[in-house]
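The values are calculated or read from the model by the stated rules, or taken from the named source; none is laboratory data. Note that this is a predicted model, so its numbers are computed, not measured. Backbone-built Cβ (ideal geometry, glycine too); neighbour counts: all protein chains shown. The accessibility values were calculated without ligands, DNA or RNA, using every heavy atom of the protein model including side chains. Shrake-Rupley method; radii C 1.70, N 1.55, O 1.52, S 1.80 Å.
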Amino acid sequence: MTIFEKIISDEIPSYKIAEDDNYIAFLDAFPLKKGHTLVVPKEPVDYIFDLDDTSLSGLHIFSKKVAKAIEASIPCKRIGTAVIGLEVPHTHIHLIPINEVGDINFSNPKLKIEANRMTEIAQGIASAFSSL
């Protein structure tokens, strides 16, 4: 069972942004930028291009709404997206608020954000998501 499956089943806590029957979005525990969010299908498929077409398109549509909520909550020029797929064997999309190309460099040091601040960030994005 992957860490994402444990988050989906509420076995371990997360800073949840949004979810529906098929997808969930939560803050990355090791963010590159404030508001760095992961969007994950609930179906435990390792490689994004192994998702069926309906799941793949649904994941991107759900991600778009989450990205719009991040933009409404976190000052940035854009939301960068990345699919690496090596760190956890469960498909996920990184949504990262960026102001320049270097902001999405995964070799950059990860931020250390206190739990209460992570909760505030998640609540702000979740609120924006609800109003879309």
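Based on protein heavy atoms only, the chain ends up with 56 Å² per residue of surface accessible to a 1.4 Å probe.
Using +1 on the beta carbon of Lys and Arg, -1 on that of Asp and Glu, and nothing else charged, what's the dipole of segment 32-78 about the Cα centre, debye to 20?
Dipole magnitude for segment 32-78 comes out near 580 debye.
Split the accessible area of segment 11-103 by element, probe 1.4 Å, and carbon with sulfur accounts for 54%.
Annotation: the chain has a Kirkwood hydrodynamic radius of 14.7 angstrom, from the mean reciprocal C-alpha pair distance. Three principal axis extents of segment 46-109 based on alpha-carbon atoms, in descending order, are 34, 26, 14 Å. For the chain, the longest principal axis of the alpha carbon atoms and the long axis of helix 115-130 meet at an angle near 70°. Extension gain for Asn22-Glu120 works out to 32.8 nm (0.36 nm per residue, less the C-alpha to C-alpha distance). Pairing the Cα long axis of helix 53-73 with the longest principal axis of the chain, what angle in degrees results, from 0 to 90 and rounded to the nearest 10? Computed tilt is about 10 degrees. With the highest mean first, a sort of the peptides 31-42, 95-106 on other beta-carbon atoms found within 10 angstrom per residue produces 31-42, 95-106.
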